[in-house]
Structure formats: C-alpha cells, structure tokens
1. For the range 519-546, which residues satisfy the criterion of being out of contact with any Leu (no Cβ under 8 Å at 6 or more places or on another chain), hydroxyl-bearing (S, T, Y) and either modelled with pLDDT under 95 or under 26 Å from A492 (Cα atoms) (or both)?
2. Could you list, ordered by first residue, the pairs with Cβ atoms under 6 Å in which the first is in the range 367-386 and under 17 Å from Y426 (Cα atoms) and the second is of a type in the set (K, R) and modelled with pLDDT of 95 or more, at least 6 apart or interchain?
3. Suppose the filter is charged (D, E, K, R) and surrounded by 23 or more Cβ atoms within 10 Å (Cβ to Cβ); does E266 pass it?
4. Looking at L387, is it surrounded by 20 or more Cβ atoms within 10 Å (Cβ to Cβ) and either at pLDDT 95 or above or not in a helix (DSSP H, G or I) (or both)?
5. From E599, E585, E649, grab the single residue that is open to solvent by 50 Å² or more (accessible area, probe 1.4 Å), among the charged types (D, E, K, R) and part of a loop (DSSP other than H, G, I, E, B).
6. Based on this model, can you work out whether G261 counts as touching a His at 6+ places or on another chain (Cβ under 7 Å), surrounded by fewer than 24 Cβ atoms within 10 Å (Cβ to Cβ) and in contact (Cβ under 8 Å) with a residue 24 or more places away in the chain?
7. Kindly evaluate A517 against the criterion of being open to solvent by less than 30 Å² (accessible area, probe 1.4 Å), within 27 Å of L374 (Cβ to Cβ) and aliphatic (A, V, I, L, M).
8. If K322 meets every condition in (1) in contact (Cβ under 8 Å) with a residue 40 or more places away in the chain; (2) open to solvent by 10 Å² or more (accessible area, probe 1.4 Å); (3) part of a loop (DSSP other than H, G, I, E, B); (4) not polar (S, T, N, Q) apart from one, which number is that one?
Amino acid sequence: MKKKVFESGMTKPISMKKCCLLWTAGSALLDIVLEILSCRSLFKAIANIFTKPYIFLMNVAILMLFTSFVLIVKRKLFAYALPSVLWIIVGVTNTVCLKFRPLPVSASDFRLINEAFSMMKIYMKPWHIAIIVAGLSLTVIGLITLFIKGPKYETPLKPSLIWFAASVVILGSFSYVVGTYDILPRTADTPNELYEKNGFAYNFFKSAGSTGVTAPIDYDRDENDILKEELLQLEDTSGDERPNIIILQLESFFDISWMKGINTSEDPTPNFRKLCEENASGYLFVPSYGGGTSNVEFEVLSGMNLDHFTIGESPYYTLLDKNVLDDSMAFNMKRLGYTAHAIHNYSGLFYKRNIAYANLGFDTFTPVEYMDELEYNSQGFARDKVLPSEIFKAMDSTDGSDFVFVVSVEGHGPYPQSIKPEDFAYYVEADADDLTPEEKAGLTYYASTAKDMDVMIGDLIEQLANYDEKCVLVIYGDHLPAIEFTKHPLTAPNAYTSAYVIWSNYGIEGEDKDIEAYQLTSRMQELIGFNAGILTRYHQTRSEREDYQDNLKKLEYSMTNGKDKAEPSKLVYSTHPIKVTDAVENGGDVIVFGENFTEYSRICINDEVVNTIFQGKSCLISDGIALKKGDKISVAQVTKQGEILESYEMTA
C-alpha cells in the first residue's frame, strides 16, 4: 500500500525558491482581487497591470509586506490567508460602501465603526445585515479551522530567516516611505480618481500610514515664521461693528435643476435660488461627494485645504481628537469679542464633534439631544425646521455678538426606492423618461426633502430680516447627495461642487465668485470688512500668487505640527443648560423636576440609567423604582445608541 505523503499535523518540506514564488504570486493575485472589487471591473483590473505596471508592482510590494510571515512560519497557508482575508474584507467593505456613497473607503472610516453600526439600520435591510454577520462568522470559522487542521510547510531555517529579514527591511522601508511621503504627489484629483490611478492597496495603506500635512520638501521654519509675521503685521480692518455671523451648512443640499433632463412638479428650492440671484454667491468646490460632511466643516472652519492632507483623512478623528487649531474661525471670532456656538440636529458624538468643536474654539454645542419640539422625516432624521429656533436661542443667550455655526441633517441619505406622498410636509415629484420607478422614488424623496429645507431657509430669512441686531448669514450645501449622475449629468463643473450665498439683514454687497470651501469664511470676512486670522489674511491677499498652494501647505504644516499647544475651549452643551431642581418618590414612581429637559433626558439612579417617561421640559418620571436611603438621583442626556453625553446632578 502506498504510504501517505502528507497527513494533518505533519510538516511537509518546501524549497525557499518555491515558497517565494508562491508568496509573490499570491500577493499579485490578491492585488488583482482588490482592484476588481475597487474598479468593479475584471477587464479594467487586468488592463491596469499592463498600462501601469509600476503602480501594480508597488501595490503588490505593499501586500507582500503584510503576508511576509509565510517565509518563517510552518502554517504558511494560514499566515497568507489571515492578512489576505483582512484585505479582502476591506475591499468588500469599499464595494458595499460605494453603493451608498460615492467615496472610497479609507482608514479613517474604520474610526467610525460605532457610528457605522447605528447607520446600518437605515442603509440596509435586516437580511443584508444577516448575510454580513453570517459571512463574517463563516470566515472566522474557516480561519480557525485552517489554523488547527491546515497543512504545515517547512523551509530551511537559515535561508528563511535571511529572506524574511531582507524582505522586512526592504519592503518595510519602502512601505514606510510610501506611507509617510508623497511618492505619488497628491494632485487635484478626486479620491475616486486617486484610487483608480494609484491602486487600492496603496491608497488605503497611505490613509493608514500617515495623517495630517506631510512636511513640504522645501519647508523652512524660519521662512514660514517670517510669512506668518508679515500676515500678522497687516492692518486690522475689523473696525468696531460686530454683526452676528451665522453659517448654515445644509446636508446634501443642491439645486436639482443642475441635473440635465430632470423635471419637477415645482421648484424645490425657490428661496435659495432667489437668495443666490440677489446676493454674493457662486460655486463652492468641496472635498466630498455623497458623504464626508465633517471634512467640509473642517475646511470651512479651519481655512485649510484637505488636498494637502492624507487621502481619505477625516481630521475630526485624526487631528482634532487631540490637537487644538487656534487659527480657526471660532477662535478668531472670539478674539473679536464674539461668543462661538455650534448647532447640529443629529447626535453630539457623531464624528466626535463634542471633542472637535472644543478644539476648534466653540463655547457651546447644541446637538439633537438638547433640542425640543423635534419632528422626524420618514428616514428617522430630524427635520431642519428646528434650526431657526435654536439659532435665535444661541443669539439671545448673550448680550454681545455671536458666531453661530449650524450643521443640518434632514437631507441625509439613503433615498428610499418606495415612498408615499403623505410622508412629506411638502411633496415635490421628480421625473424623467428614462428613470426606473426606484430611481424616480429616490429623486422625488430628495426633491421633497430639499423643499422642506428650503422652506426653513425662507422662515429663517424672514425672522432675521426682522431681528433687532445686524446679522450676516452664509448658506451652502456640504456636498452633493449620493445620487448617480450618469444618466443625467450635472451642469455644474463636477460632483465635488456645491453652491453658497452670503446675505445680511443690513445690505452688504459683493460680486459673485466661485471659491473653494476653505476660502469661504475669508470671503465672508472680506465682504463685512474683517480680516481676522492668519489663514484668512493669507487667502484674502495671496490667492492669486503662483506659490499660493505651496505656502498654504507650509502654513498648514506649521499649524498642525507645531510645538506650541493651545488650550481647547471649555465647551458646554446647549445655550440653555439642563438643571435638576427636585426629585420625589410617589407610589413607586420617581418624579424629577428641573429645567430644559428633552426627549433624550433620562433619570439615573446611582449613575445607572433607568426607564424614563418624558413629561415635558420640566418633568421626568420613572415608574416601578424603589429608592433606597442614600440613592443618588441625576439626569443624563443619552443618545439613541445609549451613550451618555453629560450628566446633571440636583442643584439647590
């Protein structure tokens, strides 16, 4: 009987040459799989090997580093399978995400894992989630089985160590340089074009390998300090007048007439259109499309160009989680005597805004958990009609001038494929001859939502026009919605284009001008006669120079990598803070009295959240609670995901 050559648990010898060939071929195959997932095209993935061979080899080299342990371990199949599976999971995640938003996945997205779980219920059906869970479970089981029962292969010890050490040094050094420096310089390409141009593995690894602004090759600290000093020595043009400044960022808001061939039953955005026709306005070129709201916020508030940062980076997570930007719009307005407020009708923890806003200099932050009289649309997002009242609450909370930055959420996707007219406050039908019923439903949902947002704009303008203080209002869409524009191309320059308008209730004037998002606040300051901030002055005085972007990047680098650390602001939630004034026990119920409670307020017993019935802004009830002597009663603002924003103890 023929003797078995290989059995489970036995070790089979393999030559170093064969091992290296299989390792290289496997990494090349893995790269092809990732490119197929990224391009969603087998032909394009194969063609890239021949049209861009150096890009292909660079991506393979990165993957070889991650799979290099196959050279020294006996469980070589497992050592190759584990990192390969992880890369494929990232690739599949990218493919799935591209169906819901037009932006490729970057390492920063995985910092949003908690938020992603909460959004899955909106974007996916239960059976979609079940398939994902089943797939991940089977993958884990398969990897465990491969580790326990998989074959073992042994290469000669000395050559294995030499090859492994050489590979780690060479590939590791190469990958470090790739991850840290701009081997393939970042141009004005969109993230999608960069992923297609430079390969999925390179771009994802680049997004994980470094964050922030990389040091320009010709950076000289002394020269940069001289430039800063020149800007600081410019005459302060702010004067004595301090109008309230309101910046309103609208989620996925745009003029649907930009889509060629789309007809609507009525104009969804007449108020915004009229504002643009009568006031300083223009295209606003933004860093995102279909998602990435916080990145647009960052450019507007910081004056920094995200093209100079790592591709796919989300500075709210990678920079503002620990660093203070003291040249931000909020800090600069505070130096002029303003109080800085942030308002957002969505969770206060999303994008870590509660941390980012403090490091940008805001004094107060009012997220949805602190708002009352909320109404929700059919997708579960708070309607923007709540925003005007919150804006006026902020301005009325101080005796001086206010800078109010507002981020809306109502226009957020996904846009459902089946709708009912009665689900909308304002129903605007969108149609075209070549739309499927599902596409028509999605566009109609969007048009109807945009109409609701536009009505809010009209209400806000009317109230500001009658307000007894001077006010400047800037309105813009953060990015275009996650809508496919292939059938109906845009009349705008590209999908990374929005629109802005600058209005006041006292008659400022200005010419129409197309600008970048990072130039918006300097443009607004220019129209009202301000020049507060180093980057503001730089944008206002040097944007026409040939070295504009080069020196801007140097300024950004010095501001984000400097040794001088500013202090964050002492951010408080809401301009009308919650107070707990009394608590009583009545027939098994705990009744808590106070001020400014909302539907997100929860009674806590000894810091444990208990079931709470919201009875109004001054009363909360928890039934079936038996208090014990010494129990501590407090109230917490709790997100829909069960996370506590802030707790409030009883005051006298």
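The values are calculated or read from the model by the stated rules, or taken from the named source; none is laboratory data. Since the model is a prediction, treat every value here as computed from it, not as a measurement. Counting neighbours? That spans all protein chains shown, and the Cβs are built from the backbone with ideal geometry, glycine included. Note: accessible area is taken over every heavy atom of the protein model, side chains too, but ligands, DNA and RNA are not part of it. Shrake-Rupley method; radii C 1.70, N 1.55, O 1.52, S 1.80 Å.
1. Across the range 519-546, the qualifying residue is only S543.
2. E375/R383; N377/R383
3. no
4. Spelling it out, L387 is indeed surrounded by 20 or more Cβ atoms within 10 Å (Cβ to Cβ) and either at pLDDT 95 or above or not in a helix (DSSP H, G or I) (or both).
5. E599
6. Values: touching a His at 6+ places or on another chain (Cβ under 7 Å): yes; surrounded by fewer than 24 Cβ atoms within 10 Å (Cβ to Cβ): yes; in contact (Cβ under 8 Å) with a residue 24 or more places away in the chain: yes.
So G261 fits the description; yes.
7. Here the answer is no, as A517 does not meet what is asked.
8. The single condition K322 does not satisfy is (1).
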